[in-house]
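Visitor: Okay, here's the structure, questions in a sec.
The values are calculated or read from the model by the stated rules, or taken from the named source; none is laboratory data. Because the structure is predicted, anything quoted here is derived from the model rather than measured. Counting neighbours? That spans all protein chains shown, and the Cβs are built from the backbone with ideal geometry, glycine included. Just the protein is used for accessible areas: all its heavy atoms, side chains included, with ligands, DNA and RNA removed. Shrake-Rupley method; radii C 1.70, N 1.55, O 1.52, S 1.80 Å.
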Amino acid sequence: MARVLPRPRCPLTTVRRWYEDELGWPTAGPEPVELLTGLRFDVLQMPADAGRAVLRRWRQPGPVALLRARGGNRPEDRPKLLMFIAAGGAEELPGILEWLEWGTLVPDLTARGTGDRMPAPAIPTPASTASPSCGFGSREAAGWVRPPQPGYEAENSLPTTGFRTGFGDDGDAPDLVRLVSAAATECHRARMLRARIAQSDRAGGDQALAFSNASRMSAGTRPRSFTL
């Protein structure tokens with residue numbers, strides 16, 4: 001049988017130069033290269049299944065990266081989606097969740113901000129040959145789902161706080177409050193679905209879903225986010 005070889009990886013210096021020179025994003029670490037959050041951008045982190053549902057709502061929420069699964073069965077080992085938001089948004093996430101009446105009901109919706117970092121995704125394959133073309137090698141912990149576009153200030157198009165109908169050419173990107181609302185809703189739905197699947201062979205398996213949408217509506221605790 002023919003041996004399947006991995007796609008070529010960019011040298012670390014090329015990866016670092018692409019982020020620092022093309023995008024102006026500071027990096028850290030010898031290997032693997034990491035991006036510093038809290039300076040040019042923050043990120044919302046959520047399970048990949050919930051993140052994909054959010055992306056179906058909005059086609060232009062800004063750059064989006066995927067963290068690979070770690071190979072374990074723990075929640076923290078599952079693949080994660082990172083949605084880039086304006087710097088400072090991570091500090092506002094707890095307050096937004098509280099205002100949306102989610103509180104601590106969505107523990108898997110987190111953020112990385114000042115003092116944090118994330119793995120640098122593999123450089124996306126460009127449309128032209130002017131930039132380096134690199135594959136998603138076995139050692140990269142993350143890859144781009146929606147890569148940033150070099151040549152313009154990406155930070156100007158990132159979701160920030162305040163109610164708006166959208167921004168950019170298509171007007172499809174949500175403001176931070178609406179993005180958090182959608183993310184919290186989808187995280188809750190994904191968690192309920194995972195619990196239902198895990199308990200499908202047990203009698204009364206729906207008892208673990210005490211915070212289901214129906215029960216919370218009956219109790220008068222329907223999250224504000226469902227009205228946005």
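Visitor: Looking at region 102-112, can you tell me whether even one residue there is at pLDDT below 85 and of a type in the set (S, T, Y)?
Guide: Among the residues of region 102-112, not one is at pLDDT below 85 and of a type in the set (S, T, Y), which makes the answer no.
Visitor: Consider A53 carefully, then state whether it is over 23 Å from A87 (Cβ atoms) and touching an Asp or Glu at 6+ places or on another chain (Cβ under 8 Å).
Guide: Taking the combined requirement at face value, the residue satisfies it.
Visitor: Please list, ordered by first then second residue, the pairs with beta carbon atoms under 7 Å, 6 or more apart or interchain, first in region 21-37 and free of Cβ contacts under 8 Å to residues at least 40 places away in the same chain, second part of a loop (DSSP other than H, G, I, E, B).
Guide: G24/R40; W25/R40; P26/L39
Visitor: If I ask for residues that are assigned to a loop (DSSP other than H, G, I, E, B) and touching a residue at least 40 places away in the same chain (Cβ under 8 Å), which ones from region 69-101 would you list?
Guide: Within region 69-101, A86, A87, G88, L100, E101 meet the criteria.
Visitor: Considering region 38-54 alone, what residues qualify as being open to solvent by 20 Å² or more (accessible area, probe 1.4 Å) and under 10 Å from the mean Cα position of the chain (by Cα)?
Guide: Matches in region 38-54: Q45, R52.
Visitor: Can we say E98 is charged (D, E, K, R) and either over 19 Å from W144 (Cβ atoms) or modelled with pLDDT under 90 (or both)?
Guide: Criteria met by E98.
Visitor: Then there is this: Modelled with pLDDT under 95, over 20 Å from P32 (Cα atoms), open to solvent by less than 30 Å² (accessible area, probe 1.4 Å) and of a type in the set (A, V, I, L, M): which single residue out of A86, A90, A122 fits that description?
Guide: A86
Visitor: Check T104 against each of (1) among the hydroxyl-bearing types (S, T, Y); (2) in contact (Cβ under 8 Å) with a residue 40 or more places away in the chain; (3) open to solvent by 30 Å² or more (accessible area, probe 1.4 Å) and name the one condition it does not meet.
Guide: So T104 meets the others, but not (2).
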